[in-house]
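Student: Got a structure for you, written out below as structure tokens; questions coming shortly.
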Amino acid sequence: MQHYSMTPSTFDQDLDMSQMELPPRPTLFDFHGVSMIKHVTENWDSIQNFKARPDDILIATYPKAGTTWVSYILDLLYFGQTFPERQASIPIHERVPFLEISAPSRPSGKDLADQLPTTPRLIKTHLPVQFVPKSFWEQNSRIIYVARNAKDSAVSYFHFNRMNITQPEPGDWSTFLKDFMEGKMVFGSWYDHVNGWWEKKQTYSNLHYMFYEDLIEDCGREIDRLCSFLGLSPSAEEKERVTNGVTFDNMKANKMTNYSSVPVMNHRVSPFMRKGKVGDWKNHFTVAQDEPFEEDYKQKMKNPTLKFRTEV
Ligand code: PPS
């Protein structure tokens, strides 16, 4: 029998996962007040003791906010010209390791981050702000937080949990939506996550808070803002190359950015690069779901300075 933990490089996404011996789905538990699964808490002490460097760049998000998109933008900005072979041979999730992940039979994100040969190191995290290893703050590392509106985040997360066997079983859409509203998701409550990071931005100046909807509206403008935050000044030609490389269609077709090499994901259930739109929630939320969602949203999102768009 084929086993799910075969090395990513030998995995062929056309393999029939229904024939494989699949591990059980993980279950959520309360971890210091946040719902988590063991794959992200197992190495907790080692993650908390991670030694950040002043030139590290941490890309922080609640899941499904555009982490991969921004990771690839940064990777191309920094290394697209100097190490073009990286783009052709190393998947984005290895170029930008996921700090807290420790999946079976794969190197942990922390080990991959420790071994990154690049300067700066680009590192991804989904941790709520209170769980970020303290060395990032001590070293004054730059942090880019990407946020996406709650409704599209919920929809994207639902399909991700369907296709990724290392995520909890999502159940049907209405059950999942209720769980989302109650924060019963890996990495906890969307509401706490986006608010916690927004508050941090008020006191930590090396944090650039950006929105998925803005990227969709004008990716070039958002790249300019990122460059100004990072002190980069790419040539017009270089910027054009980056903007073109990171379109949804190009990233979906690119084996190094579409997660097709990850064995725990079944892209036939739902592709990782699924729709890439603002407003797909309208195809999922019924009116009967939307009304209580909006009511609950108003109660949880009281800070008038943090505003999300659900259409552009
Ligand atoms: S993860 O698993 O949390 O790291 O996922 P993440 O990368 O944060 O989010 C995945 C969603 O982002 C969409 N995406 C894009 N949209 C537009 N343009 C580009 N280039 C792009 N790259 C990734 C991806 O399609 C997922 O959203 P949905 O709505 O599911 O399509």
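The values are calculated or read from the model by the stated rules, or taken from the named source; none is laboratory data. Being a predicted model, the structure only gives us computed values, none of them experimental. Glycine gets a Cβ as well: all are built from the backbone with ideal geometry, and neighbour counts include every protein chain shown. Note: accessible area is taken over every heavy atom of the protein model, side chains too, but ligands, DNA and RNA are not part of it. Shrake-Rupley method; radii C 1.70, N 1.55, O 1.52, S 1.80 Å.
Student: Among the residues that make up region 267-282, is at least one of them part of a helix (DSSP H, G or I), within 21 Å of Glu217 (Cα to Cα) and within 11 Å of the ligand (Cβ to nearest atom)?
Tutor: Yes, because at least one residue in region 267-282 is part of a helix (DSSP H, G or I), within 21 Å of Glu217 (Cα to Cα) and within 11 Å of the ligand (Cβ to nearest atom).
Student: Cβ-Cβ distance below 9 Å, separation of 6 or more or different chains: which pairs start in region 267-288 with a residue that is within 16 Å of Phe176 (Cα to Cα) and end on one that is modelled with pLDDT under 95 and within 12 Å of the ligand (Cβ to nearest atom)?
Tutor: Cβ pairs passing all conditions: none.
Student: What are the residues in region 261-273 that are modelled with pLDDT under 95 and either among the charged types (D, E, K, R) or within 18 Å of Ile90 (Cβ to Cβ) (or both), if any?
Tutor: Ser261, Val262, Pro263
Student: Still on this model: Could you list, in sequence order, all residues of region 233-252 that are within 14 Å of the ligand (Cβ to nearest atom), open to solvent by 60 Å² or more (accessible area, probe 1.4 Å) and either under 24 Å from Thr82 (Cβ atoms) or modelled with pLDDT under 95 (or both)?
Tutor: Asn244, Asn250, listed by residue number.
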